1. Taking region 74-88 on its own, how many of its residues are open to solvent by less than 20 Å² (accessible area, probe 1.4 Å) and over 30 Å from the mean Cα position of the chain (by Cα)?
2. If we scan region 258-277, do we find a residue that is over 30 Å from L506 (Cβ atoms), at pLDDT 95 or above and touching a His at 6+ places or on another chain (Cβ under 6 Å)?
3. Report, by residue number, each residue of region 372-400 that is out of contact with any Lys or Arg (no Cβ under 7 Å at 6 or more places or on another chain), over 21 Å from F362 (Cα atoms) and not in a strand (DSSP E or B).
4. Among helices (runs of 4 or more DSSP H) lying entirely in region 1-71, which contain 2 or more residues that are of a type in the set (F, W, Y) and surrounded by 20 or more Cβ atoms within 10 Å (Cβ to Cβ)?
5. Give region 105-142 a look and list any residue that's open to solvent by less than 60 Å² (accessible area, probe 1.4 Å), free of Cβ contacts under 8 Å to residues at least 24 places away in the same chain and within 25 Å of the chain's Cα centre (by Cα), or say none.
6. Of the numbered conditions (1) assigned to a loop (DSSP other than H, G, I, E, B); (2) modelled with pLDDT of 85 or more; (3) open to solvent by 10 Å² or more (accessible area, probe 1.4 Å), K361 fails exactly one; give the number of that condition.
7. Could you list, in sequence order, all residues of region 240-265 that are over 18 Å from Y287 (Cα atoms) and open to solvent by less than 10 Å² (accessible area, probe 1.4 Å)?
8. Is it the case that some residue within region 428-451 is β-branched (V, I, T) and at pLDDT below 90?
Amino acid sequence: MDTKEYKSLPYGNSNFERLIEENYAYVDKTRFIELLEKESNSYLFFTRPRKFGKSLFFSMLSHYYDINGAGKFETLFGDLYIGKHPTSKKNTYAVMEFDFSGLDTTSGEDFRDSFASNVQDTVRDFLRCHNNIFAEAELLIKEIDAEKSGVTALRKTYSAAKSAGIKIFVIIDEYDHFANDLIAMGTSTGDDLYRNMVRANGSVRDFYETLKAGSKTVIDRILLTGITPIMLDDLTSGFNISNNLSLDPIYNEMLGFTQEEVNWLMEATGVDKSLIDVDMEFLYNGYLFHGESEHKVYNPSMILYFFDHFQKRGNKVEYIVDENLKTDYGRLRRLVQKEQNRKQLMEITQEGGIYANIILKFSIEQLHDNKYFISLLFYMGLLTIDRFDRGRLRLKIPNYSIRTVYWEYIMRLTKERNTDIHMDYTAQNDAIWELAYNVNPAPFIEYMSQNIISRMSNRDLQNFDEKLIKLLLLNSLFQSRLFVPITEMEVTHGYTDIYLKRSHLLPDIPCEWVWEVKYVKKSDEENNA
């Protein structure tokens, strides 16, 4: 009896060539190449949240378009959509790939050196990779190294490409990474550095102006990607040639996995769906980037994280929420220092969403405006499109995993504003164990009352209500891993405030809980006495 050979899970792997050659499962997104080529503007901009498969997609594009990949076209693309429907532009470009993650933002001088080195290194690698095209590649590299100017390196490459009769396809990944780092700094130094680099005569502005100049001669296509459109407004006059496809409905599924693709992935990699005893759609699905799009998509990293752990431990996946989701807290921390933004964050967490419009581009100064703050949450993947409701756009928290990130934000904010709050995690876990195994809620209620609620400042107590209590309870309950706490779950006669579902790892927990949370003011209690 033949044993089926399964493909490997591509968790953490963004190298397209390696995925195909080493028999990893690849969710075929190559059909979007046709759509991108049909765009009237060949200079394109596209955003998606972190961990959404951007780097793998651009690795695929690089192998498809680069002239050096012609000999491997059938090997890499033969079984994929585009291999059966190739376009006339396949393997016709010299592809130049920039990645602006990891730049040094310590000071203006450090950033300028880091940015110039990044550009210079990219151009050097480009010339060496295409030394079969550029006869004087090594001489050009020596000249570039001597001058140590990223922009000059680009201009020299343009001249070499023009002489060789070659067109260039520029791919820029993480275009906004340094800007997001400066946001996280939350200082005037960070703001000033951003302005100096992006505005007139800054290193970043010069780079994009040089790209724009190259588009008149040898640069035939440009594709920029990142998380947010935060730099688009500030770069407008320096780079006003790109078309933003981020919210175009036909590209809703270009990154991310549909349910059909998740089902294929399980079949291809041998993940036995019948053994999965958690609701993957509830945990990880829900992203929609245009209200008219047909399918919601999973964050690929979330679902691959789960499948990877599932295959290693069977159905005993201990941490169903990937801790890497929580790394954007620093970027939000500065923004929620403004009271209006903090109120909106609380509203989103309490209500599960908010009515707001999505702004297509904005600058760093506008982040203090609450309408831009909501859009930033959308681009970061902390909100997604829910529906149009009587002329208004409703945004919502995409899934349970992201909801837990909000709970943690609220707890951190509460602790920062109330320095007397003491988190004794041993006592907390003991109290939740009593709740789970001895069906005794008293120790947990006592813990929350003594360690958190009673220590809150008058400022927070003025706005205290049952919704805030619920958020604080949910965060603590989630920390224990004994329960999967769910808020506002639909039941026959309405919605539950808190449903404590026993962990799939602990079927011996004797019961589950449904809590209705009420906040009784002292004055009300006295009046009813």
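1. The qualifying residues number 1.
2. So the first thing to find is which residues in region 258-277 are over 30 Å from L506 (Cβ atoms), and the list is 258, 260-261, 264, 268.
Pick out the ones that are also at pLDDT 95 or above and you get 258, 260-261, 264, 268.
Keeping just the survivors that are touching a His at 6+ places or on another chain (Cβ under 6 Å) gives 258.
So far as region 258-277 goes, yes, one or more of its residues are over 30 Å from L506 (Cβ atoms), at pLDDT 95 or above and touching a His at 6+ places or on another chain (Cβ under 6 Å).
3. Answer for region 372-400, where residues must be out of contact with any Lys or Arg (no Cβ under 7 Å at 6 or more places or on another chain), over 21 Å from F362 (Cα atoms) and not in a strand (DSSP E or B): R390, G391, P398, N399, Y400.
4. On the way: elements: 16-21, 31-38, 54-65.
Filter on region 1-71 gives 54-65.
5. To start, the set of residues in region 105-142 that are open to solvent by less than 60 Å² (accessible area, probe 1.4 Å) comprises 105, 107-108, 110-111, 114-120, 122-124, 126-127, 130, 133-134, 137, 140-141.
Now narrow it down to the ones that are free of Cβ contacts under 8 Å to residues at least 24 places away in the same chain: 110, 114, 137, 140-141.
S114, the sole residue that qualifies.
6. Answer for K361: the failing condition is (2).
7. Pass one, region 240-265, residues over 18 Å from Y287 (Cα atoms): 240-244, 264-265.
Within region 240-265, just L265 meets the criteria.
8. Within region 428-451, not a single residue is β-branched (V, I, T) and at pLDDT below 90.
The values are calculated or read from the model by the stated rules, or taken from the named source; none is laboratory data. Please read these numbers as outputs of a predicted model, since none were measured by experiment. So basically every Cβ, Gly included, is an ideal-geometry build from the backbone, and we count neighbours across all protein chains shown. Heads up: the accessible areas ignore ligands, DNA and RNA and are worked out on the full protein's heavy atoms, side chains in. Shrake-Rupley method; radii C 1.70, N 1.55, O 1.52, S 1.80 Å.
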